[in-house]
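Here it is: the structure, laid out below.
A short reminder: the numbers here are calculations on the coordinates, not readings from a lab. The structure displayed is predicted, hence computed values, not measured ones. Glycine gets a Cβ as well: all are built from the backbone with ideal geometry, and neighbour counts include every protein chain shown.
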Amino acid sequence: MNSRSLLTSLAGMREPVYWTRRRTRAGEILLAGSSDRLFFSAFADADHPYRRIITQCRQGETRILNSACAFIDAILKGNDQSDCSWEDDTIQPSALLTMGGLSVRLDLTGYTAREITVYRALTQVGRGRTVSYADLARRAGMAGASRFVGNAMAKNRFAIIIPCHRVIRKDGSLGGFSAGLSIKKRLLDIERVQ
């Protein structure tokens, strides 16, 4: 889902959408969500299109924004996401991610079932490890779909929570990252240092 589609979706919501800004070890993060779902987490210092969306939201704190911040902090402090569990919502396109005693509900509006399958497989890649686009495609049951995986990574709107920074090229080079390669490298360095 691109930023225009997300903005249209948020505009049609019956409940208010809030945003907040948090400083983390990896940089400043912008988050937006309702009372029960996270819509995105993006790096504030990147030229990310979701930054424009916050102008349509109210600044403030909600339980889900605080939960998402705690989830991100736990990942950056060393919690391994590979034991993260997904609970899909059959009513609306969302998933509850649980890691240890923390949980966050992600709004998955606009993602296809195949993209969600890729994201689910990616959360099983352990902290401090990387996976190639081709290997992630195989893990998701889509051998040969590395280009599709690359496109799914580009569409990920949940920085750190869906750890697309762990996906690299087969030759070991970093590949792309919507927030910029310097942030991707910083995230990988943080995860390997501990």
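With +1 on each Lys and Arg Cβ and -1 on each Asp and Glu Cβ, how big is the dipole of the chain about its Cα centre, in debye rounded to the nearest 20?
480 debye
Mind running the shape call on segment 51-134? Use the C-alpha gyration tensor, a ≥ b ≥ c as the square roots of the eigenvalues: rounded below 1.5 for a/c, prolate if a/b tops b/c, oblate otherwise.
oblate
Moving to a separate point now. Please give the calculated 222 nm ellipticity per residue for the chain, where each DSSP H segment of at least 4 residues contributes -39500 (n - 2.57) and the sum is spread over every residue; nearest 500 deg cm²/dmol?
Taking each H run of at least 4 residues, the total per residue is -9500 deg cm²/dmol.
At a Förster radius of 25 Å, what calculated FRET efficiency corresponds to the Cβ-Cβ distance of Glu28 and Ala143, to the nearest 0.05?
0.10
Relative to the longest principal axis of the chain, what angle (0 to 90°, nearest 10) does the C-alpha long axis of helix 146-155 take?
Once rounded, one gets 30 degrees.
For all pairs of alpha-carbon atoms in segment 110-183, what percent lies in each bin of width 10 Å, listed from the first bin to the last filled one?
Percent of pairs per bin, in order: 21, 62, 17, 0.
In degrees, nearest 10, range 0 to 90: what is the angle between the Cα axis of helix 113-122 and the longest Cα principal axis of the chain?
60 degrees
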